[in-house]
Structures are given as structure tokens and as C-alpha cells.
Amino acid sequence: MMKRLVTLTLAGALAIFAGALGAVGLIRWTAPAPHEILRSVEVVDRNGALLRPFALPDGRWRLAAKPEQVDRRYLEMLIAYEDRRFYEHIGTDPLALLRASYQLVTHGEIVSGGSTLSMQVARLLSPRKNRTIIAKLSEIVRAMQLEARLSKKQILELYLTLAPFGGNLEGVRAAAHAYFGKEPGRLTIGEAALLVALPQSPEVRRPDRAADVALRARNRVIDRMFAAGIITVAEANRARSEAVPHARREMPQLAPHAAEAAVAAFPKQHVHRLAIDATVQKRLEELAREKLSALGPRVSLAILVADNETGEVLAHVGSVDFNDMERAGRIDMTRGIRSPGSALKPFIYGMAFEDGIAHPETLIEDRPTRFGMWRPENFDLTFQGTVTTRRALQLSLNVPAVALLDGVGPQRLFARLEMAGAQLQLPQGEIPGLAIGLGGLGLRLEDLTTLFTALARGGESFPLVHRLDVKHENTRHVRLLDPVAAWYVGNVLIGAPPPDNAIFGRIAFKTGTSYGYRDAWAVGFDGKRTIAVWVGRPDGQPVPGMIGRVVAAPILFDAFARAVPKIEPLRAAPHGALIASTAKLPLTLRRFTPAGETRSVSAEPPLKIVFPLNGAQVALERDNAASPPQPIVIKTNGGNGPYRFLVDGMPVGEAEYQNTAFFQPAGPGFVRLTVIDANGATDSVVVRLQQ
């Protein structure tokens, strides 16, 4: 009697279904548009790799997935296992329904629902409470409506995004990250089979709670795929030998500070594309964790990597560990305002080079000196005496830096750095003074990176680029230093003594240590990248021994080793760069004269051309009638070399310390001969050349 009742019920259901098929046109015509589904916000790197997803408000992970993002073999196995006629039917598969109906009759209960992928998507969009025939018919109608509105690819995309995989995991991408720690673009056969099996009974088969059940379900999928000819016997055997994961992995959490800042800036955006390179980011986060034990309690670090030409931030490590509460890991120390110590000295020297008051080979005094009531001392409390400005910057000597800043003007330096994009902070009520040259102001690691990328690209500054999904059409470009001055600074810094066990002359770099050992800095660049490192306590407490050269510089060199595949040479010397030793510099550049002092003038006699004399007639001599005239000598006396010689306003050569030069006459006629010495003194004569 019961079997007959079930048969009658089934017959009625099939009759209703037949009517529904007859009304396909009406169903498709009245199909409502599928509602927008809420997806997890994603932050991705420059190449689309997932840096960090954000869970939905209810705690679920639902990552959008497209068929082209998923392994091809997984898709083949999914369709073969769940819906072989997916690409042929209109939302429902009559053959599958007949099979389900037969199982209902023979077993007295629903064994398999005969659901197509389209019907499963309909159920996922509008979950049902009970597995009844009425609910099944509702799924059929809704599946047809979906087919009327969406392409097969779009329906498959919804399944790949919404399918349950146990717990709070929805979608194949969330499952692949949670169980295998990777995107589903490249799966093994065993991994693909497990992901095919899980959505049928996601809670029962969860591998992190019931690994044995998950293993059996996976192997059943493998057996069916082999029987269907989807995989070979070798692939099936290899897939069965794969272990099933026994625990879930953490979702990706690369560049967490940058990710949170991106989402906060555009809260309604679903995908945020940053300039970060996930590979570089991962390597530097690993480097930060490796340094953890050597840093000491509550000490953190931050690292930024930027492309010199574009300003794009390729790595952003805001702390040693985002989840380390003892080290205030949630605070992004790339944006914390701290004292830079000596890290700004290169810009003092750059402005001095630009102003023409110094050259890398200019001599400068490193001796006890008072500037008003202030008497700066070097870090080691010693003085070097007379050194070149090159050596003074490489050794980070304080007195020469303050003397040059006094010549440049601290307010000019402050204004120039602010104009270049640095957010500088002075103590309340203070104005820029000489102390800013030794760290008497506050700035961020991000600002320091901006300034050093400008040095690396020839003195032009513009803001760092953190994301690639926002147009930067109105980016303001500012000249921080002229190209020659910027090149001088880079040329000096590449010769700075490297930390122990590091290779000399590979990167141009500068370190800094703030007052009281609160902050250690190291910033460096090669021809392509700039990397900046900060080490210290986020709460600003001093750490004895926290010295930039000792603590931050080794991390900087390690960061270059991991982040830069090949060190690129710095830019070539620009036009106008004067490459000369101290002795060959113009007199005014040989020794720096501090502000307020006057240079003693040499007792040399005045500059004068002694041959040929003014108004003289000079005979042109030739080897023969067809040969050109022989060169004519110019001799001078007095003045200070090097000398420049001009014939009718055109340079003809340089006679450095020799007061003699030669020029090739074009022919007979009058010519004006001029000489200019290093002090700018000149003398001219006019002579007549005769055959």
C-alpha cells in the first residue's frame, strides 16, 4: 500500500514537472534577475595574487571565483561527477530526475536529488529547509530562470563561489586556501577530488574534523573519475596515495597593514589591487620574523621597498608580526612619526652641492665648533680633523653636516623636504634650526623612502604609489635636488662603509640613530629599488645599543639580498658633473668656508695674457702651401688655475695648472683670445693673423 502511495505521489510530481516543462517559455520570460551576492573583500598584489581576504560580517569566507581561475581537471571532474549534461540542459536534467525518482520508489526515500549544478546554485541562492518534492520543483523553476538570465559560465561561477565546503568556508577558492594553502588554479588529482566530494555533505566530510570520512568520499570520486575515463589508472593510484589534510590553514595575511589601509580608504570596493609584489612581501615578512629573537623584548621593525622610477611600493612590512600584541604589531610603523637621526644628512650635502658651496672633494673641518650656544659632537666623541665632504658624509660626521646646514639654511632645507612630499613635524612652538640636521624633527619611514627614491632617480620627487586600481593622473612632481647634486650624493653614499660581512660598493645607503637610542634607521638604493628600514619600540622607549649602523643596516643589506634579484648600477654621471680631485677643483671649491668667515685671497699677480700681446701681428706658419696653419700658443701669467681659454668666445681647451694652451687658427684675420681663471678673473687680447 505504501509503495503504491509513493508511486502515485511520484506520478503526480512528474505530471507537475511535465506541466512545468510545457511552460518553459513563460518561466524563462518571467525570470527575475539574480540578486547580488555578498562576497569577501579581497586585497590582491600587482599580479592579482591574494594578499589578504576579509571575512563577511557573519564570519563566513566567500571568495569570488571564476572558471578560468580554477584547475581545468577539477572542472572536468566536477561536471562529470555532478552534472554530466550541464552544457546541454536548460536548468534541469530529465534523465537525472528519472534516476532520482526510481531511487525514491525503490528505497522509499530520496537517495539522490537529481540536481543539476544550476539547481544547486538555485538552492544556494535560496536555501530550502526540507528536502521535499515541492522544494525540488521550486529549484527546477528557479534553475530555469537562472539559465534564462545567465550564461553557463556565469552559473558555474556562482557555484564555484557559493558551494559549501564545511564550517564557514564557501566557494572553491576559500576551500583551497583553507585546506591546501593555495589558489585552486593548480590542484593535484587528489586535491581536486576532495573539493568535488565536500559540497555534497560538507559538515560530515570536513577533513579537519573527520579525515577518514573525507578520505573515503574523496576516493569514491577518484574511482568514478577513473571509471568515466577522466583520469588514468596511474593518476588514480597516485591520487589515492595523497594524504587528506587534518587541519585548516590560516587565510593569507600578507601586508596586513597595507591591506587594512586600502579597505579603509575605499570601504565599498570589493577588490583592492595594490602595487605590492606578493613574492617580495613574503620574503621580507619572513626576514622580519627571523630577526625577532635578536631584536629584544617589545622591539619591532618596519620595511618599505619602492621602485625608483615609478614610486610603486613593492613591499610594506609595518611591524615584525601583525598579531604580536607585546610588540604592538597592529601599529603600522611605516607611518609612525619618529626622529630620523642622521638619515637626513644626504639632503644637507645635496643642497650644499647644488648651491655651489661644496663638492664631494671639498675639504671641510671636523673639529670642536660652536654654533651659538650649541657645540655638536660626533657619535664616538672624537674628531677627524680636515676631511673631504665625501668622507664626512660617509662617516656621518656631525660638525661638517651642521656647518653645511648653516651655509644652506635650516629653514630652506625644511621647506625643500616638505615641498618634496615629506610630512615633517617639529616640537610644539619650534622653528627649523640647525638641530634638524641631526634628527631634531619627526618624520615617517614612508617620507624617508619618498626622499631617497627622489635621490635615486636624479632628484625628482613624487609621492609613493601604494595601489594600482586608482589613477594618479595629477601626481605632483617636484625637484628635490638638481640632477648633478643628486648624483654626487649617490656617488658618495655608495662608498659608505658597509656593515660587517656585507659587500662594499653595491648600494648607496645611509643610517641614522635618534637621540637616546629610540630609533635605528637604514635607507639605501641601487639603480632600480629603494629600501628603507626602521627598528625600535613602537612606544618610543629607548633601547640601549639601538644604533642604525649596527641594527638596521644589516637588515637593509639582507632585505636587498632577498628582495632584489640583481643589484643594478646607479645612474651615470649627468652632464655638468665635475669629477676631479681636491687639488683640481676651482679654488672656491677646494675648501669649505663656514658662514661668517671670509676666504683669504691669494697673493698671486693678476691674470694676464703675456703671449701674444694685445694688438700683435702673428704670422701663420705652414709646412707647405697646401697644409693648414700650425697651432698658435697662448701663454698666461698670474691668476689661479685651472684656466679656460676662448677664441672668439669659443672654448679651445683647458690648461689646468699649466698656463699655456694652443689653438688651431682657421686662417688670416683678427681674433680675440680670452682666458678665465678659477676665481672668475679674465683677460683678453686682440691679435691679427697674417699669411
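The values are calculated or read from the model by the stated rules, or taken from the named source; none is laboratory data. From a predicted model like this one, the values you see are computed outputs, not experimental measurements. Cβ coordinates were reconstructed from backbone atoms using ideal geometry, including for glycine residues, and neighbour counts include every protein chain displayed.
Taking first residues from region 608-622 that are within 9 Å of Leu689 (Cα to Cα) and partners that are loosely packed, with under 12 Cβ neighbours inside 10 Å, the Cβ contacts under 6 Å between residues at least 6 apart in sequence or on separate chains come to Gln617/Gln690; Ala619/Gln690; Leu620/Gln691.
Return the residue satisfying two criteria in turn: it lies in region 452-479 and is among the basic types (Lys, Arg) and either under 16 Å from the mean Cα position of the chain (by Cα) or assigned to a loop (DSSP other than H, G, I, E, B) (or both), and of such residues it is surrounded by the most Cβ atoms within 10 Å (Cβ to Cβ). Among those that are among the basic types (Lys, Arg) and either under 16 Å from the mean Cα position of the chain (by Cα) or assigned to a loop (DSSP other than H, G, I, E, B) (or both), it is Arg457.
Filter region 601-632 down to the residues that are modelled with pLDDT under 85 and under 24 Å from Gly680 (Cα atoms), then identify the one that is farthest from the chain's Cα centre (by Cα). Once the filter is applied, the top-ranked residue is Pro605. The set of residues from region 296-341 being in a strand (DSSP E or B), in contact with a Pro (Cβ under 9 Å, 6 or more places away or on another chain) and farther than 19 Å from Gly442 by Cα is empty. A single entry from Asp519, Asp482 fulfils the requirement of being buried (at least 17 other Cβ atoms within 10 Å of the Cβ), of a type in the set (Asp, Glu), at negative phi and touching a strand residue (DSSP E or B) at 6+ places or on another chain (Cβ under 7 Å): Asp519. Could you check region 633-645 and list, in sequence order, the residues that are of a type outside the set (Ser, Thr, Tyr), modelled with pLDDT of 85 or more and either surrounded by 18 or more Cβ atoms within 10 Å (Cβ to Cβ) or touching a His at 6+ places or on another chain (Cβ under 9 Å) (or both)? Correct list: Ile634, Phe645. Within region 387-394, the presence of a residue that is out of contact with any Leu (no Cβ under 9 Å at 6 or more places or on another chain), charged (D, E, K, R) and part of a loop (DSSP other than H, G, I, E, B) is excluded.
This table checks each residue for (1) assigned to a helix (DSSP H, G or I); (2) touching a residue at least 60 places away in the same chain (Cβ under 8 Å); (3) within 29 Å of Lys282 (Cα to Cα).
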| site | (1), (2), (3) |
| --- | --- |
| Leu158 | yes, yes, no |
| Ala174 | yes, yes, yes |
| Tyr179 | yes, yes, yes |
| Leu194 | yes, no, yes |
| Arg209 | no, no, no |
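Quick check on region 675-688: of everything there that is crowded, with 19+ Cβ neighbours inside 10 Å and in a strand (DSSP E or B), which residue is farthest from the chain's Cα centre (by Cα)? Across region 675-688, the extreme among qualifying residues is Val687.
In the set (1) more than 30 Å from Ile357 (Cβ to Cβ); (2) touching a residue at least 40 places away in the same chain (Cβ under 8 Å); (3) of a type in the set (Val, Ile, Thr), the condition left unmet by Val633 is number (2). The residues of region 326-355 that are of a type in the set (Gly, Ala, Ser) and within 22 Å of the chain's Cα centre (by Cα), listed by number, are Gly329, Gly336, Ala343. Looking only at residues in region 232-265 that are in a loop (DSSP other than H, G, I, E, B) and in contact (Cβ under 8 Å) with a residue 60 or more places away in the chain, the one that is farthest from the chain's Cα centre (by Cα) is Pro245. Among the residues making up region 345-357, those that are within 16 Å of Pro410 (Cβ to Cβ) and either assigned to a strand (DSSP E or B) or not hydroxyl-bearing (Ser, Thr, Tyr) (or both) are Lys345, Pro346, Phe347, Ile348, Gly350, Met351, Ala352, Glu354, Asp355, Ile357. Of the candidates Asp355, Asp321, the single residue that is more than 27 Å from Val564 (Cα to Cα), in contact (Cβ under 8 Å) with a residue 24 or more places away in the chain and surrounded by fewer than 24 Cβ atoms within 10 Å (Cβ to Cβ) is Asp355.
Residues checked against (1) assigned by TED's automatic domain parsing to the domain that holds Gly48; (2) over 30 Å from Val196 (Cβ atoms):
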site	(1), (2)
Ala234	yes, no
Arg249	no, no
Ala255	no, yes
Val263	no, yes
Thr279	no, yes
Leu284	no, yes
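Scanning region 654-674 for residues that are small (Gly, Ala, Ser) and exposed (fewer than 15 other Cβ atoms within 10 Å of the Cβ) returns Ala666, Gly667, Gly669.
The set of residues in region 379-400 that are under 38 Å from the mean Cα position of the chain (by Cα) and modelled with pLDDT under 95 comprises Phe379, Asp380.
Run down Thr382, Thr388 and say which single residue is free of Cβ contacts under 8 Å to residues at least 24 places away in the same chain and either buried (at least 16 other Cβ atoms within 10 Å of the Cβ) or not charged (D, E, K, R) (or both). Going through Thr382, Thr388 in turn, just one is free of Cβ contacts under 8 Å to residues at least 24 places away in the same chain and either buried (at least 16 other Cβ atoms within 10 Å of the Cβ) or not charged (D, E, K, R) (or both): Thr382. Please work out which residue is farthest from Tyr517 (Cα to Cα), limiting yourself to region 428-451 and to residues that are touching a residue at least 12 places away in the same chain (Cβ under 8 Å) and in a loop (DSSP other than H, G, I, E, B). Ranking the qualifying residues of region 428-451, first place goes to Ile431. Counting only residues that are within 26 Å of the chain's Cα centre (by Cα) and in a loop (DSSP other than H, G, I, E, B), region 548-587 holds 9 of them. Within region 368-382, if we keep just the residues that are part of a loop (DSSP other than H, G, I, E, B) and touching a helix residue (DSSP H, G or I) at 6+ places or on another chain (Cβ under 7 Å), the residue that is nearest to Gly545 (Cα to Cα) turns out to be Asn378.
Kindly indicate the residue of region 248-291 that is buried (at least 20 other Cβ atoms within 10 Å of the Cβ) and among the charged types (D, E, K, R) and also nearest to Val313 (Cα to Cα) among those meeting that condition. Step by step, filter region 248-291, then rank; the result is Asp277.
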